[in-house]
Amino acid sequence: MKGKLFLLLIFLSLGFCLDDTPVLEVSAYNLGLVDTLMNNSGIELEELGPNDPVQVDMRILTVVPAVGNRIPPETEGVLWGSNEINANGVTIDYDDGDECNDRYTFFLRNSSRNVSMYFSFRNQTLGGEIQADNPLVEIPFEPSLLETANGSENLTVELIWDSWYYFEKRTRINNMVCVGEDCDCDYEDPTVSMINVTSIGNTSREFIIESGEASFFLLRPVLGEQWYQNNQFDTLIFSRKGIYKAEITMDGEDGGYAQVHNFSIYEDPLGVQYVIVNRTQNFENATMVPYDMAYWATPVAAENNSFSHLYEVNYSYVGWGPHTLNITVTDYFGGTHSYQKEIYSRKMAVEGISETGEFGNDTNFYRPSAPEVDGGELSHNVIPTNQFVLLFLVAAIGIFWYYKGRGKSR
């Protein structure tokens, strides 16, 4: 694993993109950082001053695993990091404008820290105080609940901290004293005081939950059969997960490949890595089109099943007879979703003779058809894909609003 990660980082440093999702490698790498995220200098802080002897900052970093801001229902948890500096044992010089710096020395006598993390999904909030030295926090929602997310719903994570410090502060004021034309700095006797310092802050992030299986709808051939000179395997894919590639096989042999996203990795100053999704176009005997939409519901799938992603995959082939066509798509988290269909590619036949002149009685290869009225050539009709998509979408939206209206009237 270490060797693989090393090579991966070399490729990324050269600006290479990855064809397949590196989510497993990045997740393993980030989990290996848990001992480095507390008091991490990658979180930059302001300099200490006599009135600011403490600087604290905390950040929600990522979820393991995550792709961009998208997460699956089952996770290892949320990674967060912190950095803190305080003036314990430190002397701070302060220029008051007279060229004689005042001097403040601090000694920390007591301190406490409370850190809480809250998680909100739909109308429910869970969470509370967490261990201040544990950078990995489990998500308290059950995966079975997060699995119901429609692909556009957020999990909101909020990090809140309250740190308290009790200092002994020793102050020495340095004044400019002049005797005649001779001037020099002169320190007053130190004074001692006890001061309380608090640091309160919060930050939040939102992550989109991607869940569920993809649903497939055979766009062409609608009835599973087609004319042998117009062989198409066009499929609509409804998904709550982002999909980046589709692979098609025909009768167990490779047929087509289409990819619309690839990946790169960004590393932040704390050393945490993030998977970035990029648009690409890599088509081999197939095409794939992603349709961007915030929300989608369709009556062609199971009841109450909603989607946030829609893809169209197109594949054409040469040949006739029965074929088993399979399409497998891969989501951002490496999950695969498959659909298989027996498709018949037939020639037209009239009275046992095919349109190319051979006997055509085997229904696996031939479809009986009536000739045109004028006795001309055998007829066939093919609905253009773009017209069918339009008809399908109009019908789907109409049915959806019909049933929605019936539901409101009850």
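A compact table of results
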{"read-out": "Inter-residue pairs, beta-carbon under 7 Å, first among the polar types (S, T, N, Q) and in the stretch 214-227, second assigned to a strand (DSSP E or B) and surrounded by 21 or more Cβ atoms within 10 Å (Cβ to Cβ), 6+ apart", "value": "S215/F238; Q226/S345"}
{"read-out": "Residues of the stretch 228-244 satisfying the condition of being outside any strand (DSSP E or B) and touching a residue at least 12 places away in the same chain (Cβ under 8 Å)", "value": "Y228, N230, N231, F233, R240, K241, G242"}
{"read-out": "Residue within the stretch 186-200 that is in the same structural domain as P53 (by TED's automatic domain parsing), in a loop (DSSP other than H, G, I, E, B), surrounded by 13 or more Cβ atoms within 10 Å (Cβ to Cβ) and in contact with a Ser or Thr (Cβ under 6 Å, 6 or more places away or on another chain) present", "value": "no"}
{"read-out": "The stretch 1-34, residues that are surrounded by fewer than 18 Cβ atoms within 10 Å (Cβ to Cβ), modelled with pLDDT of 90 or more and among the β-branched types (V, I, T)", "value": "V34"}
{"read-out": "Residue list for the stretch 91-108, restricted to those being in contact (Cβ under 8 Å) with a residue 24 or more places away in the chain and exposed (fewer than 12 other Cβ atoms within 10 Å of the Cβ)", "value": "E99"}
{"read-out": "Within the stretch 327-346, tally of residues that are more than 15 Å from P221 (Cβ to Cβ) and either at pLDDT below 95 or surrounded by fewer than 17 Cβ atoms within 10 Å (Cβ to Cβ) (or both)", "value": "5"}
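The values are calculated or read from the model by the stated rules, or taken from the named source; none is laboratory data. Remember, predicted model here, so these are calculated numbers, not experimental data. Neighbour counts run over all protein chains shown; Cβ positions are idealised from the backbone, glycine included.
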